[in-house]
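*Asks:* Take this structure, written in structure tokens, and hold onto it; I'll ask about it next.
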């Protein structure tokens, strides 16, 4: 998570070199990013494939996340409608570089959170009201 003006923004940390490559490709231009959340689940395990297509370039990034252990990430995503990319903090020192992306449809993040809560077998961080006890 990244703190941005008092809000917790879910952050995907990537290799510092890859982050720099992305920033070089999009620097000095207005960038639109089409973000898609593909959800895969079997009733116990939930994976979310976060696809980011940078529309003014041929750049497309995919990040596969194991959502069972990332409930807070997806709660924040559904609340803010924002997601960020940042260089992995272990690979660099004293960096505050963060690229924040606004989701085109915040309600899709809210729907994704509902699916995750319903299907994740790891109930750590979940309140009883949010999941079907029969799972």
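*Asks:* Limited to the range 1-35, what total is found for residues that are exposed (fewer than 13 other Cβ atoms within 10 Å of the Cβ) and farther than 20 Å from residue 53 by Cβ?
*Replies:* Of the residues in the range 1-35, 6 are exposed (fewer than 13 other Cβ atoms within 10 Å of the Cβ) and farther than 20 Å from residue 53 by Cβ.
*Asks:* In the range 51-62, is there at least one residue being assigned to a strand (DSSP E or B), closer than 19 Å to residue 1 by Cβ and in contact (Cβ under 8 Å) with a residue 12 or more places away in the chain?
*Replies:* yes
*Asks:* Then there is this: Test residue 57 against the stated conditions and say whether it is surrounded by 12 or more Cβ atoms within 10 Å (Cβ to Cβ), in contact with a helix residue (DSSP H, G or I) (Cβ under 9 Å, 6 or more places away or on another chain) and more than 15 Å from residue 106 (Cα to Cα).
*Replies:* yes
*Asks:* Please give the number of the condition residue 36 fails out of (1) closer than 24 Å to residue 89 by Cα; (2) in contact with a strand residue (DSSP E or B) (Cβ under 6 Å, 6 or more places away or on another chain).
*Replies:* (1)
*Asks:* Can you find a residue in the range 70-82 that is in a strand (DSSP E or B), under 15 Å from residue 13 (Cα atoms) and in contact (Cβ under 8 Å) with a residue 40 or more places away in the chain?
*Replies:* Yes: the range 70-82 contains one or more residues that are in a strand (DSSP E or B), under 15 Å from residue 13 (Cα atoms) and in contact (Cβ under 8 Å) with a residue 40 or more places away in the chain.
*Asks:* I need a count of the residues in the range 53-65 that are within 13 Å of the chain's Cα centre (by Cα) and at pLDDT below 95.
*Replies:* Selection size over the range 53-65: 0.
*Asks:* Scan the range 40-52 residue by residue and report those that are buried (at least 17 other Cβ atoms within 10 Å of the Cβ) and under 14 Å from residue 73 (Cβ atoms).
*Replies:* 46, 48, 50 - these are the residues of the range 40-52 that are buried (at least 17 other Cβ atoms within 10 Å of the Cβ) and under 14 Å from residue 73 (Cβ atoms).
*Asks:* Looking at 12, 22, can you tell me which residue is in contact (Cβ under 8 Å) with a residue 60 or more places away in the chain and part of a strand (DSSP E or B)?
*Replies:* 12 is the lone residue from the list that is in contact (Cβ under 8 Å) with a residue 60 or more places away in the chain and part of a strand (DSSP E or B).
For every residue, the table says whether it meets (1) in contact with a strand residue (DSSP E or B) (Cβ under 6 Å, 6 or more places away or on another chain); (2) closer than 19 Å to residue 61 by Cβ.
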site: 2; (1), (2): yes, yes
site: 22; (1), (2): no, yes
site: 40; (1), (2): yes, yes
site: 44; (1), (2): no, no
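*Asks:* OK, next. Report the residue count in the range 21-52 for those that are more than 30 Å from residue 118 (Cβ to Cβ) and more than 19 Å from the chain's Cα centre (by Cα).
*Replies:* Number of matching residues: 8.
The values are calculated or read from the model by the stated rules, or taken from the named source; none is laboratory data. Since we're looking at a predicted model, the values are computed, not measured. Quick reminder, even Gly has a Cβ in these numbers, built from the backbone with ideal geometry, and neighbours come from all protein chains shown.
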